[in-house]
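Below is one structure, written out as structure tokens; comments come after it.
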Amino acid sequence: MDRRSVELLEFDFILSELKSLCTGPEGEKCVERQDFLTDREGVDALLEKVTYLKRLIESDRPLPELSLPEIAGALEMVRKEGSSLDGVQLASIARYVVSSTVLYGYVSKGLSESDVSPLARECAAIPDLRDISRFLLSQLDDDGSVKETLPALRSIRGKMQRAWNDISATTAAYLQNQATIWQTNVATQKDGRSVLPLKADHRGSVKGIIREVSSSGATVFIEPYDLVEKNNTYALLQNEYRIAVAKILRECSAIIRQRRDDLILMLEHTAYLDSLLARAKYAANRRCVRAEMKERGFCIKEGRHPMLGRAAVPVAVELEVDQSVLIISGPNAGGKTVALKTIGLFALMNQFGMCIPAGEGSGLQIFSEVFADIGDDQSIEESLSTFSAHMKNIARFADRASAGTLVLLDELGSGTDPEEGSAIAMAVLDRCLEKTATVVATTHQSVLKSYAFSKPGVVNASVSFDADTHRPTYRIVQGLPGESHALEIAENSGMNQEVLARARRYLDEQSTDVAKILREITAQQRLLNERESEYEKKKGDLIERIRETDLRSLRLKQREIELRTQGYMQLTKQIQESRRQFENLVKELREGELTKDKTRSAKRFIEQLQQTADKEREQITEVRQELAPDLSIEPGLTVLVGNSRQRCTVLRKARKGFWIVSTDKLKITVPESDIKAIVHTEADDEKVRIEHTANAGNPVFALDLRGYRLADALDELDRQIDRAILANMQSFEVIHGYGEGVLKDGIHQRLRAHRTVKGFYFAVPEEGGFGKTIVELL
């Protein structure tokens, strides 16, 4: 990548933040050494790892505590035969090995049993160095000091303690027996030897060696003769202890030297993982997404410039496959340059293996070069004016442009005579079009706005301006050029009204035909866009009305079936009761006189009742057939049976119109009209995949939408409302959690617009409070 362009896009700011997220210094160095990738496969592979680590960090498996101190210098030092590392260096290596082992285990395990980590194979190839960490930690404490409990040191430490006790007893005896001749009643150390603070005027009272005299001369630090030998003994033991410690450190260093190549391999791999984790942390912290791979151009949705933080206004800008040049116009301080930098910065971040702070669906082409000419590159030393500096950069970009380059040009055509500047600008854009480079340029030149209308592959865009407040909104309008609104901005900045009035007169006199035509085209385009938006809104309302009408029709038909079924059951009961009455009548007639006329009349009575029942049953069957999907019944098919919708498996055909099916426990014969298909939808498949507990056909009393994306949550909410209406439910609960309020606000907005929702409100605090919404239906 062009180094100067990378600096202008302020990628160093991103790099600095990324380094701060690394756990160890070797990870920071790995980030610094990383180059921008220009091959699609390389970018895709790197982003696959970073995206996986982001999911891992955001899962219920928190990142373990890691200690990755600087050890590269120690590994370089130990390379020389006979060299020895100190305890702190050895302890650092031990901690690094332990943390690396923990890190490999964390990143190589999938998020689920079926999930495979893209880092598993790399981690498996790293040598197991746990034996080194175990040995080092058996010899050293966490601070790098050699363990005093080691056999080689324990005996020496015991001797030293006894020698010290002997010294302490001797000094205590001197200080207690002749208390008046001492400055204090505490012995002190001089050059590692115990001495006593004797008053200078009592110098002859104690025989010994004077080790030091105080600056005032009032105190003489003396080592009595009977203490000299004891100090000598203690000094010899200290030296013996140091030799033993040095021997242990040399042995540890020798082991490090033997496994140095494996340790360097581990160091490099851990540093690489640390740099990937830093990218994943950045993505999680800033709500970034992985950019989709585009063959050409870019599509940025809700893009937020990283340097602006919470003040960033999301940018939506796109350059489609058949377009090469995007010309952004509009008022000063309206966000043109920010949009330009956002596009360039996102391209660099993407090819550095980073997710971008934008919305889902954003995508970028993989560019071989990113060129940027932004700001004032004026140079006194090189005798370059602002315009000359711009021309020098643009000339270089135009020569090096190709199908794989992204060229970003700020205020193209400015800094010189407007006509000549516009001519040069159009020629440069023609050159880039010939080379099929991707170009984004900002401008105030009306000629360039007109150029975008007349050239295939060139498209206008503008930063919008609020006519009421006379302030820019910082949002990009695709397809329309923008006016500079210089007079409005000047007025807002406090310009004298008389000056402004004169400026408007000059503007009216000098307004060109091209500018007028451009304004008319822009106005017509804006009107078309407004009408298209209005049409889309009406279309959405119509679709919603059709859906509600279909739902009401379905509900009425189901109610009709329910009423007819109830009537049929009552009629069947009446037939059975009539049959019993008739049989009693026959019995009575048999006991008396029985005639053929009476018998015939009784049979007609039963047949009429039966015909009425059959007719009612046929009507119910017809309505059911209208509602039921076409079903080809065959053995082995899983179906729903009866009003209870019991899930069964078809075994074989019985008599005409009947089938034998089996449940978990028994076999039954059912009429074909009672068999219904199980309809699978994409929504059902999605619910199974995300392990949602709601029944596919029935509403739930508490709909848990935590963890859903907003679009998926709204779809699930619509299905719940439909099911609740069909089940005659009056109310249900929606659990959305607290979070940042995006999910809650989206759900409330959908409920507010839904025609069948009577009202909604938050639950009481003890039942969920602001994390749960109660929905009441009409």
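The values are calculated or read from the model by the stated rules, or taken from the named source; none is laboratory data. Everything numeric here is computed off the predicted structure, so don't read it as measured data. FYI the Cβ positions are ideal-geometry reconstructions off the backbone, even for glycines, and counts take in every protein chain you see. These area figures cover heavy atoms from the full protein model, side chains too; ligands, DNA and RNA do not enter into them. Shrake-Rupley method; radii C 1.70, N 1.55, O 1.52, S 1.80 Å.
The figures follow:
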{"item": "By accessible area with a 1.4 Å probe, ligands and nucleic acids excluded, highest first: order of F770, F760, F371, F453", "result": "F770, F453, F760, F371"}
{"item": "3J(HN,Hα) from dihedral phi, region 203-219, Karplus parametrisation 6.51/-1.76/1.60, rounded to Hz, x for glycine, proline", "result": "4, x, 6, 10, 8, x, 9, 7, 8, 6, 10, 5, 4, 7, x, 7, 10"}
{"item": "Charge context of E65, other residues only, Cβ under 15 angstrom, K/R +1, D/E -1", "result": "+1"}
{"item": "Accessible area in square angstrom per residue, region 1-148, 1.4 angstrom probe", "result": "51"}
{"item": "Nearest-10 value in Å² for the accessible area of R193, using the 1.4 Å probe", "result": "40"}
{"item": "Distant-in-sequence amide H partners of D704 (H built 1.01 Å from N, under 5 Å)", "result": "I735"}
{"item": "Note, ³J(HN,Hα) from phi for region 72-82, Karplus 6.51, -1.76, 1.60, rounded to Hz, x at Gly and Pro", "result": "4, x, 5, 5, 6, 5, 6, 4, 6, 4, x"}
{"item": "Solvent-accessible surface (1.4 angstrom probe) belonging to C288, in square angstrom, nearest 10", "result": "10"}
{"item": "Fully extended contour minus Cα-Cα distance, from E532 to V757, at 0.36 nm per residue", "result": "78.1 nm"}
{"item": "From phi via Karplus (6.51, -1.76, 1.60), per-residue ³J(HN,Hα) for region 758-774 in Hz, x at Gly/Pro", "result": "6, x, 8, 7, 6, 6, 5, x, 6, 10, x, x, 6, x, 9, 10, 8"}
{"item": "Amide H contacts under 5 Å for A291, placed H, 5+ residues apart", "result": "I356"}
{"item": "Relative packing of 150-161, 413-424, which averages over residues the other C-beta atoms within 10 Å, highest first", "result": "413-424, 150-161"}
{"item": "Counting all C-alpha pairs of region 232-324, share separated by more than 22 Å (%)", "result": "65"}
{"item": "Amide H within-cut-off set for Q365, under 5 Å, with H built and near neighbours excluded", "result": "K294, G297"}
{"item": "Computed FRET value (nearest 0.05) for E113 with D201, which takes r as the C-beta separation and R₀ as 60 Å", "result": "0.10"}
{"item": "By accessible area with a 1.4 Å probe, ligands and nucleic acids excluded, highest first: order of H754, H202", "result": "H202, H754"}
